[in-house]
Amino acid sequence: MAEDIQKLRNIGISAHIDSGKTTLTERVLYYTKKIFAVHEVKGKDGVGATMDSMELERERGITIASAATFCEWKNHRINIIDTPGHVDFTIEVERSLRVLDGSVLVLCAVGGVQSQTITVDRQMNRYKVPRVAFVNKCDRSGADPFKVNEQLRARLNHQTALMQLPIGLEADLSGVVDLVTMKAIYFDGPFGEDIRIEEIPDNLLEKAKTYREELLDTASLFSDELMEAVLEEKVNDDLIYSAIRRGTLSRKLIPVFIGSAYKNVGVQLLLDGVLNYLPAPTDIENSAMDVNNENKEVKVSSDPDAPTLALAFKLEVTPYGQLTYLRIYQGSIKKGDELINSRDRKKIKVGRLARMHADKMEDITGASAGDIIALFGVDCFSGDTFTDGSLRYSFSSMFVPEPVISLSIKPKDNKSEMNMAKAINRFIREDPTFRSFVDQESNETIISGMGELHLEIYVERMKREFNAEVETGAPQVSYREAISDKAEFNYIHKKQTGGSGQYGRVAGFMEPSEDGNYEFVNAIKGGSIPTEFIPAIDKGFQACLKKGKMIGFPVIGMKMTINDGQSHSVDSSDMAFMQAAIGAFNQAYAKAKPIILEPIMKVSVECPSEFQGNVMGSINQRRGIIISCTEDGAFTTVDSEVPLSEMFGYSTTLRSSTQGKAEFTMEFSRYAKVPESIAEELKKTIAEGARKGR
Ligand SMILES: Nc1nc2c(ncn2[C@@H]2O[C@H](COP(=O)(O)OP(=O)(O)OP(=O)(O)O)[C@@H](O)[C@H]2O)c(=O)[nH]1
Ligand SMILES: [Mg+2]
């Protein structure tokens, strides 16, 4: 039976670490009768939340991998992806937002807009995702949803509409006032499953009227009809719903809900909000690129009968085969169908089709446009587009941040060696922010990723899931090299060995590129190098970028221009020109004043205000620059930029200098030049390391 696509919602739950995303999702699954008991994240019953199904997630009480599930609420189906808050796993947020239509931005009623809230908000902007906000943890001491609402306006620059008022706060939180229906709503029963609707308590009535007026003023901005109704005093609930829906879908408004997932307050009303205000797949305009027509942008329709188009946005390699998460954008997919991968035109057969519920699969026979499903036993990469073969479209890829930290790993024994290779292969396939290579000089395996936690989790998973015991080296910063000046090259590669020789001359110049990316310009006139050899020269240059001559890290921001050269009718070949390009590169590199770049992290520390001095001191000691210091009641947030190389072991320092009362988050901000003195030291230590065959 074809489902009504208007009654489908694909939503993500994203926020700062620990704000209660997984706890909220657990309640959603309970109220929608998808699960029949509530378990807490890291709860005393030792079971753990449904969505945190990985053993490591349950032990640590954090979400590592995003997990998908689905449920039914008031005749609508909601596909939900719960994402991790820790920035080391940011790719999970990135790929979820790529395929979701709407999102719930969760905030902590005490912490308010935190550093990761800002990052997640930016990601939501990147994929143009409409959202509603949920101010969670209103039961905590210091909770202030009004302040959080103000912060959404001031710090994220959003127009918001407060949809509810809390009835009581902190330990006294007992329900919410719905400012649309003007009723008080309480949540009874052991898990708040019984909704009791009453009149607004007298002591809140005036406040409720004031806030309703504010709500109507904001909503009227999106509907002339509502504005007229307000003037004529003929407002009804539906007019308010549709005005707010319009505002939300245009991404100019964020409706704000409040409650406490843990204390079971407000979650059902948030679900109503998801249906009322977040988009159905048909409300969103999606586009793809036509590979056969110079990647021209083409609109995609949610028509289940149109040619099939689906995007593989996430993979999991299980012992039984690959699980591929797909978002169907157009057409339908049925069991037994044949699909074509747009990248390599390979055909796949749809054997098993399922809906995911955390780590469990529920088999289905087919699904159509708008839906999120999983295929089992299909071979592909994350980001591949599937079609029914009648067109060759592909979806734009998602943003993948570059790894900033690396670690050498060594298997403890032979068995571990094999298993380690297996594990790495799988992780690389699943996670584009995790990389691995073997260092040619030291013959060590190096893994790199987004942060210490990211790599620590993978090392732990190697042990647990793959039986691979490994020893790890000290974490290393992923430096980069770049040039700071223009330099010319004119290089002849010539070799005469027995039969035919090798000959190629390449001339031109290198200079820093404007946008930080590699650029290759062919400015050769008069055919001094035949066109057929040009790609080999490009390839030669690119080979040099992989390992710079200063400290062996990748070279970025390079523009290479060739403007002259020479070939030989017999002795010239791709190989010869590639070698000539490598020679030319090396000839010019030292002259172009190369510099070492290091990753600079955006570091945000939240601490009780009395420790502000200590925190600022610890940042200053680490070559950090304080960007801002915001005091908010008894709490202070210190935002700064600090080189990653200075951040190792920071959590220990911070703990001891703030009696364990501060928390910090960090994420990559940009690359910046390493100061001279440190660059010299780096060159020395890295050269020494190489000599010792580290
Ligand atoms: N007091 C209170 N605690 C809450 C509430 N919601 C969640 N918590 C607690 O906050 C902690 C973190 O909750 P999670 O649901 O794991 O948070 P999360 O946002 O999924 O965390 P990550 O996925 O690791 O970013 C747990 O100890 C929860 O019990 C709430 O409404 N009130
Ligand atoms: Mg979580």
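The values are calculated or read from the model by the stated rules, or taken from the named source; none is laboratory data. Fair warning: this is a prediction, and the values are worked out from it, not measured in the lab. Methodologically, a virtual Cβ is constructed for each residue, glycine included, from the backbone with ideal geometry; neighbour enumeration extends over all protein chains shown. To get the accessible areas, we keep the full protein, side chains included, count just its heavy atoms, and leave off ligands, DNA and RNA. Shrake-Rupley method; radii C 1.70, N 1.55, O 1.52, S 1.80 Å.
Just one of the listed residues (Ile258, Ile195, Ile240) is surrounded by fewer than 22 Cβ atoms within 10 Å (Cβ to Cβ) and touching a residue at least 12 places away in the same chain (Cβ under 8 Å), and it is Ile195.
The residues in the stretch 10-30 that are in contact with a Leu (Cβ under 7 Å, 6 or more places away or on another chain) and either more than 7 Å from ligand 1 (Cβ to nearest atom) or part of a loop (DSSP other than H, G, I, E, B) (or both) can be counted, and the count is 7. Does Ile596 qualify as being within 30 Å of Glu646 (Cβ to Cβ), touching a residue at least 12 places away in the same chain (Cβ under 8 Å) and open to solvent by less than 10 Å² (accessible area, probe 1.4 Å)? Yes, satisfied. Annotation note: Cβ proximity below 8 Å between a residue of the stretch 613-636 that is part of a loop (DSSP other than H, G, I, E, B) and a residue that is among the aromatic types (Phe, Trp, Tyr) (sequence gap 6+ or interchain) occurs for Arg622/Tyr650.
Which residues, counting only those in the stretch 487-515, are more than 12 Å from Met560 (Cα to Cα) and touching a Phe, Trp or Tyr at 6+ places or on another chain (Cβ under 6 Å)? Correct list: Lys494, Gly504. For the stretch 411-434, the condition holds for no residue, the condition being that it is touching a Ser or Thr at 6+ places or on another chain (Cβ under 6 Å) and more than 24 Å from Cys380 (Cβ to Cβ). When Lys334, Lys349 are checked against the criterion of being over 26 Å from Ile11 (Cβ atoms), open to solvent by 70 Å² or more (accessible area, probe 1.4 Å) and at pLDDT 90 or above, a single residue qualifies: Lys349. Looking at Val378, is it closer than 22 Å to Thr665 by Cβ, buried (at least 20 other Cβ atoms within 10 Å of the Cβ) and modelled with pLDDT under 90? Spelling it out, it is not the case that Val378 is closer than 22 Å to Thr665 by Cβ, buried (at least 20 other Cβ atoms within 10 Å of the Cβ) and modelled with pLDDT under 90.
Of all residue pairs spaced 6 or more apart or on separate chains, those with beta-carbon atoms under 7 Å, a first member in the stretch 286-307 that is within 13 Å of Leu391 (Cβ to Cβ) and touching a residue at least 24 places away in the same chain (Cβ under 8 Å) and a second member that is of a type in the set (Lys, Arg) and outside any strand (DSSP E or B) are Val291/Arg392; Asn292/Arg392. State yes or no: is Leu309 out of contact with any helix residue (DSSP H, G or I) (no Cβ under 7 Å at 6 or more places or on another chain), within 30 Å of Cys138 (Cα to Cα) and hydrophobic (A, V, I, L, M, F, W, C)? Taking the combined requirement at face value, the residue does not satisfy it.
Could you say whether any residue in the stretch 63-77 is open to solvent by less than 30 Å² (accessible area, probe 1.4 Å), part of a helix (DSSP H, G or I) and within 9 Å of ligand 1 (Cβ to nearest atom)? Among the residues of the stretch 63-77, not one is open to solvent by less than 30 Å² (accessible area, probe 1.4 Å), part of a helix (DSSP H, G or I) and within 9 Å of ligand 1 (Cβ to nearest atom), which makes the answer no. Here Asp139 fulfils each of the conditions (1) within 14 Å of ligand 2 (Cβ to nearest atom); (2) touching a strand residue (DSSP E or B) at 6+ places or on another chain (Cβ under 7 Å); (3) part of a loop (DSSP other than H, G, I, E, B) apart from (1). Scanning the stretch 78-91 for residues that are within 14 Å of ligand 1 (Cβ to nearest atom), open to solvent by less than 20 Å² (accessible area, probe 1.4 Å) and not hydroxyl-bearing (Ser, Thr, Tyr) returns Ile80, Ile81, Asp82, Pro84, Gly85, Val87, Asp88, Phe89. If you take the residues of the stretch 101-149 that are of a type in the set (Lys, Arg) and touching a Leu at 6+ places or on another chain (Cβ under 8 Å), which of them is modelled with the lowest pLDDT? Once the filter is applied, the top-ranked residue is Arg126. For Thr50, state whether it is within 13 Å of ligand 2 (Cβ to nearest atom) and open to solvent by less than 10 Å² (accessible area, probe 1.4 Å). In short, no. Every listed requirement among (1) over 21 Å from the mean Cα position of the chain (by Cα); (2) closer than 26 Å to Met560 by Cβ is met by Pro475 save one, (2). Cβ separations smaller than 9 Å between residues 6+ apart or across chains give the following pairs from the stretch 45-62 residues that are closer than 15 Å to Tyr458 by Cβ and within 12 Å of ligand 1 (Cβ to nearest atom) to residues that are open to solvent by 60 Å² or more (accessible area, probe 1.4 Å) and among the charged types (D, E, K, R): Met54/Asp359; Leu56/Arg464; Arg60/Lys42; Ile62/Asp18; Ile62/Lys42. Enumerate the pairs (first residue in the stretch 124-136 and more than 16 Å from Thr160 (Cα to Cα) and open to solvent by 10 Å² or more (accessible area, probe 1.4 Å); second residue anywhere and at pLDDT below 95 and within 16 Å of ligand 1 (Cβ to nearest atom)) with beta-carbon separation below 7 Å, excluding pairs fewer than 6 apart on the same chain, so at least 6 apart or on different chains. Between residues of the stretch 124-136 that are more than 16 Å from Thr160 (Cα to Cα) and open to solvent by 10 Å² or more (accessible area, probe 1.4 Å) and residues that are at pLDDT below 95 and within 16 Å of ligand 1 (Cβ to nearest atom), the close pairs are Tyr127/Leu97.
Within the stretch 70-82, residues that are closer than 14 Å to Glu26 by Cα sit with their Cβ atoms under 6 Å from residues that are part of a loop (DSSP other than H, G, I, E, B) and within 16 Å of ligand 1 (Cβ to nearest atom), at 6+ positions apart or across chains, in these pairs: Ile81/Ser66; Asp82/Met51. Taken together, the residues in the stretch 36-47 that are within 16 Å of ligand 2 (Cβ to nearest atom) and among the hydrophobic types (A, V, I, L, M, F, W, C) amount to 3. Of the numbered criteria (1) closer than 16 Å to Ile595 by Cβ; (2) assigned to a helix (DSSP H, G or I); (3) not acidic (Asp, Glu), the one Tyr671 fails is (2). Output the number of the condition that Arg98 fails; it satisfies all remaining conditions of (1) farther than 22 Å from Asp139 by Cβ; (2) modelled with pLDDT under 90; (3) surrounded by fewer than 22 Cβ atoms within 10 Å (Cβ to Cβ); (4) away from ligand 1 (no atom under 11 Å from the Cβ). Here Arg98 meets the rest and fails (3). Name every residue in the stretch 3-29 that is away from ligand 2 (no atom under 16 Å from the Cβ) and either under 28 Å from Thr90 (Cα atoms) or open to solvent by less than 40 Å² (accessible area, probe 1.4 Å) (or both), in order of residue number. Ile5, Leu8, Arg9, Asn10 - these are the residues of the stretch 3-29 that are away from ligand 2 (no atom under 16 Å from the Cβ) and either under 28 Å from Thr90 (Cα atoms) or open to solvent by less than 40 Å² (accessible area, probe 1.4 Å) (or both).
Being at pLDDT 90 or above, buried (at least 20 other Cβ atoms within 10 Å of the Cβ) and of a type in the set (A, V, I, L, M, F, W, C) is true of Leu271. Looking only at the stretch 365-374, decide whether some residue is open to solvent by 20 Å² or more (accessible area, probe 1.4 Å) and not in a strand (DSSP E or B). Checked the stretch 365-374: at least one residue is open to solvent by 20 Å² or more (accessible area, probe 1.4 Å) and not in a strand (DSSP E or B).
The numbered conditions (1) within 14 Å of ligand 1 (Cβ to nearest atom); (2) within 19 Å of Ala374 (Cα to Cα); (3) touching an Asp or Glu at 6+ places or on another chain (Cβ under 7 Å) are all true for His39 except (2).
In this structure, is Ala37 out of contact with any Gly (no Cβ under 7 Å at 6 or more places or on another chain), surrounded by 24 or more Cβ atoms within 10 Å (Cβ to Cβ) and among the small types (Gly, Ala, Ser)? Show your work before the answer.
Details: out of contact with any Gly (no Cβ under 7 Å at 6 or more places or on another chain): yes; surrounded by 24 or more Cβ atoms within 10 Å (Cβ to Cβ): no; among the small types (Gly, Ala, Ser): yes.
No, not satisfied.
Restricting the first member to the stretch 138-157 and to residues that are over 19 Å from Ser115 (Cα atoms), and the second to residues that are surrounded by fewer than 21 Cβ atoms within 10 Å (Cβ to Cβ) and of a type in the set (Ser, Thr, Tyr), the beta-carbon pairs closer than 8 Å and six or more apart or on different chains are Asp139/Tyr262.
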